[in-house]
4 protein chains.
Amino acid sequence: MQAGSPKWRRRSEARPGEIVQAALEVFAEKGFAAAKLDEIAARAGISKGALYLYFETKEDIFRAVVREAVAPNLDMVEGLLTQATLPFPDLLRLVIGRIVKVIGTTRLGAVAKLVIGESRNFPELARVWHDEVVSRALGAMTGALTRAQARGEIRPGDPRLQAFSIVGPVLMGVIWQETFTPVGASALDLEALALQHCETVLTGLASRVVMLP
Amino acid sequence: MQAGSPKWRRRSEARPGEIVQAALEVFAEKGFAAAKLDEIAARAGISKGALYLYFETKEDIFRAVVREAVAPNLDMVEGLLTQATLPFPDLLRLVIGRIVKVIGTTRLGAVAKLVIGESRNFPELARVWHDEVVSRALGAMTGALTRAQARGEIRPGDPRLQAFSIVGPVLMGVIWQETFTPVGASALDLEALALQHCETVLTGLASRVVMLP
Amino acid sequence: MQAGSPKWRRRSEARPGEIVQAALEVFAEKGFAAAKLDEIAARAGISKGALYLYFETKEDIFRAVVREAVAPNLDMVEGLLTQATLPFPDLLRLVIGRIVKVIGTTRLGAVAKLVIGESRNFPELARVWHDEVVSRALGAMTGALTRAQARGEIRPGDPRLQAFSIVGPVLMGVIWQETFTPVGASALDLEALALQHCETVLTGLASRVVMLP
Amino acid sequence: MQAGSPKWRRRSEARPGEIVQAALEVFAEKGFAAAKLDEIAARAGISKGALYLYFETKEDIFRAVVREAVAPNLDMVEGLLTQATLPFPDLLRLVIGRIVKVIGTTRLGAVAKLVIGESRNFPELARVWHDEVVSRALGAMTGALTRAQARGEIRPGDPRLQAFSIVGPVLMGVIWQETFTPVGASALDLEALALQHCETVLTGLASRVVMLP
DNA sequence: GATGAATGAGCATTCATTCAT
DNA sequence: GATGAATGAATGCTCATTCAT
């Protein structure tokens, strides 16, 4: 084995990402405590000891996994904020579509489950997720709702609770897929759910609505 | 030590319940793996060894905790089914109110979080919860929605997805309280959420609705 | 349940013997360490706590089992000694027959196995057995051999080693039955072994023997 | 678990042997249950955890100890078989001498005691010993006796029982040394026993023998 | 940098022993 | 005397972490 081989150099730089990727899989499957460093190392294709060249502790790896998953969401949150001038129905359809797409292409659902499950053991992570993802996204949504109320687009009401009305079903769908589908429950078409729920909640929130007798 | 001291009277009949109660607290705080039998025993006011007079293993205790939490839900589900002849809006307000009340008076939310977090390590529990709680409740809701559609009370659409639209925000509220409130997020008034969402979704699902330009 | 019931009184007196009997079975099956007081109590038909009304510790029960098994052997040893005036072949046939009979009607073999297996953990028991059973029996045999040598009945030689020649095969037969027969080895006719070995060793030890070319 | 990977991974070559050696000592002194992994590890000069790099469980270590002791015996058994063409007396003297030598240079006696004592808890080990050591050795001896009977060298009789007559005293001597010598009994010269018994039993089994009145 | 053998603290589980009833 | 619930010390096993190579 020759030191300084370029193949190694390049791999070294990629290592942390590979480890986080492998760790994400194992944590998602087993949860934090039941995940074994042996398995993470094996899936990352390195030795167990090598993990400690890149991370201090197992908790560190866990933190990296969760924080890494925050990044794409931050982008999404930024997206929410910048589109904030659209009419609310258009904005909502756009945002929900984006959320569903991100969930479909990343392991975001699995990470959400991890954060939920380990929130008591890793309060800082729950805090990070709250502060940098959930709260900001919810804040953006609340802001858009407040403005839409001011414009008379949607009916009055606590915009934070309205935001729950909007996002909750999608979150429930994600949890369903992560929790019950693997144990035999019928699968769920998250996109169809988002589409139908969007129209339902838009009608429900619209101000210029008249219910006939 | 005085003979006949009431403190030491045999409580064997109450013990399993006390243990499950103590275990619920510890599991809810730590998750399955991080929960220590020492602490469960201490909170139950008995020795570690005594746990094994009532349960075979730690997993057994966990199962008991989860199964015990199922019972009150079964009653609630039965309640749902028997009220099925009411007009849908009345039924929904009734049911949602009941759900929120149960959640407020039991540790159901904590158990739900446990089931979600440990679903990969205890698939049978996820299955039990799916079969005996989630699926039945969702089934009842779907049935009521189907009938309401037939009666022309609510608009057409996949009733299962409509059920997600109805229940999702409440579930999200529960998760919020269990996950983010303990780490500093602003508390959530679950009852207000339920109330407002009920009206929103009822409007959104109603068939006799006209959106004005 | 009436205190002082005569049925109980009589049982109480028989209890230690019943316990020792039950313990013998369990110890014989499992060895000392793997034997559980629960099982001994169950087989004796009493509660675990009641064992401590008759014995101080588990070791105590074990000691009682082993010592109890000594008694019938002491009788046998006495028998050996009193018949010591017979011609040696007659004496040997008598004694070996008696040994085989005792082994066939008691759990002596099992106890021997226990003593052998636990001799390091219970040196006093090994000592008791040596002093009160093995050594005395061997001493009696050695004495008889010495006298038979003096009478010219059997050929000269270390009488202790001759005693091993006589007894060894029977002991081996007992061990065989206790160790290998339960795991599928073909059973052994201990009586036939004793009979044939008796004649073989009597010929081998006889002084008036001529080997033809 | 890698398919096809040999059960004995690349390990420090000497370690397993050192562990087995240390374990043999501890098991021989305490028996299986009373032997503590702490002590085995200490005597092997490693930590308790390191044991599990080489063996799965305590039982595994025990099995290795017993199986390892089988190997030298297999060689001995083969030796018996290949010398089978000698005249019986010469063969017997050769074989017995070899047995005594092996016993004197190995801890075979201690292992035999272990197998006897734990035969109920580890039936497979008793079976292995029966099938691969005792049965084969006894079979070889029986075969030699049968041929010797056919040649008219020794008198008729059940050859299996004759084998017991031959081997029993040596086994008894081994057990004596392992069981009673450590608790104060006078030591036994196993070689002298073997020598004298050999001549005794050869005379006893010889066909061309006449007993004078 | 990389390895994997070695460590040792930590935990679930067992079971002889006790004691209030 | 008898019970059996309760105890707690003991121990096999796990696994994150370290370190000599």
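The values are calculated or read from the model by the stated rules, or taken from the named source; none is laboratory data. This structure is a prediction, so every number in the text was calculated from the model and none was measured. When we count neighbours, we look across all protein chains shown, and the Cβ atoms used for this are built from the backbone with ideal geometry, even at glycine. Remember, those area values only see protein heavy atoms, side chains included, never the ligands or the DNA or RNA. Shrake-Rupley method; radii C 1.70, N 1.55, O 1.52, S 1.80 Å.
Things to note:
- Boolean, C:Gly152 is assigned to a helix (DSSP H, G or I) and either open to solvent by 40 Å² or more (accessible area, probe 1.4 Å) or more than 7 Å from chain D (Cβ to nearest Cβ) (or both): no
- Residue count for the stretch A:155-165 under the criterion of being facing another protein chain (nearest Cβ under 8 Å) and under 19 Å from A:Gln196 (Cβ atoms): the result is 3.
- Qualifying residue in the stretch D:98-106 (condition: over 30 Å from D:Gly204 (Cα atoms) and within 16 Å of DNA strand F (Cβ to nearest atom)): no
- Filtered residue count, the stretch A:195-212, keeping only those that are open to solvent by 40 Å² or more (accessible area, probe 1.4 Å) and more than 7 Å from chain B (Cβ to nearest Cβ): 3
- Which listed residue is at pLDDT 90 or above, acidic (Asp, Glu) and outside the structural domain of C:Val201 (by TED's automatic domain parsing), from C:Asp60, C:Asp90: C:Asp60
- A:Val174 vs. criteria touching a residue at least 40 places away in the same chain (Cβ under 8 Å) and of a type in the set (A, V, I, L, M): yes
- Residue check, A:Pro72 more than 19 Å from B:Val183 (Cβ to Cβ) and modelled with pLDDT of 90 or more: no
A quick yes/no check of all residues on (1) in contact with a Lys or Arg (Cβ under 8 Å, 6 or more places away or on another chain); (2) of a type in the set (Ser, Thr, Tyr):
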| position | (1), (2) |
| --- | --- |
| C:Thr106 | no, yes |
| C:Leu114 | no, no |
| C:Asn121 | yes, no |
| C:Glu178 | yes, no |
| C:Pro182 | yes, no |
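- The stretch A:39-78, residues that are surrounded by fewer than 17 Cβ atoms within 10 Å (Cβ to Cβ) and more than 10 Å from DNA strand F (Cβ to nearest atom): A:Ala42, A:Arg43, A:Gly45, A:Arg67, A:Glu68, A:Ala71, A:Pro72, A:Leu74, A:Asp75, A:Glu78
- Residue under evaluation D:Leu125, criteria (1) closer than 18 Å to D:Ala28 by Cα; (2) touching a strand residue (DSSP E or B) at 6+ places or on another chain (Cβ under 9 Å), criterion not met: (2)
- Extreme residue, nearest to C:Arg63 (Cα to Cα), among residues of the stretch C:129-141 that are buried (at least 18 other Cβ atoms within 10 Å of the Cβ) and within 12 Å of another protein chain (Cβ to nearest Cβ): C:Trp129
- The residue list B:Pro169, B:Pro159 contains one member that is under 20 Å from B:Phe88 (Cβ atoms) and open to solvent by less than 20 Å² (accessible area, probe 1.4 Å), which is B:Pro169.
- Residues located in the stretch B:20-36, provided they are more than 10 Å from DNA strand E (Cβ to nearest atom) and touching a Leu at 6+ places or on another chain (Cβ under 8 Å): B:Phe27, B:Ala28, B:Gly31
- Residues located in the stretch C:94-128, provided they are of a type in the set (S, T, N, Q), within 14 Å of chain D (Cβ to nearest Cβ) and open to solvent by 20 Å² or more (accessible area, probe 1.4 Å): C:Asn121
- Residue within the stretch A:19-37 that is over 24 Å from B:Ala35 (Cα atoms), away from DNA strand F (no atom under 16 Å from the Cβ) and surrounded by fewer than 19 Cβ atoms within 10 Å (Cβ to Cβ) present: yes
- Scanning the stretch C:30-81 for residues being farther than 24 Å from D:Lys30 by Cβ and without any contact (Cβ under 8 Å) to a residue 40 or more places away in the chain gives a total of 19.
- Search result, residues across the stretch B:176-194 that are facing chain A (nearest Cβ under 7 Å), over 14 Å from B:Arg93 (Cα atoms), hydrophobic (A, V, I, L, M, F, W, C) and assigned to a helix (DSSP H, G or I): B:Val183
- Residue selected from the stretch C:82-91 under the condition touching a residue at least 60 places away in the same chain (Cβ under 8 Å) and outside any loop (DSSP other than H, G, I, E, B), by the criterion least open to solvent (accessible area, probe 1.4 Å): C:Phe88
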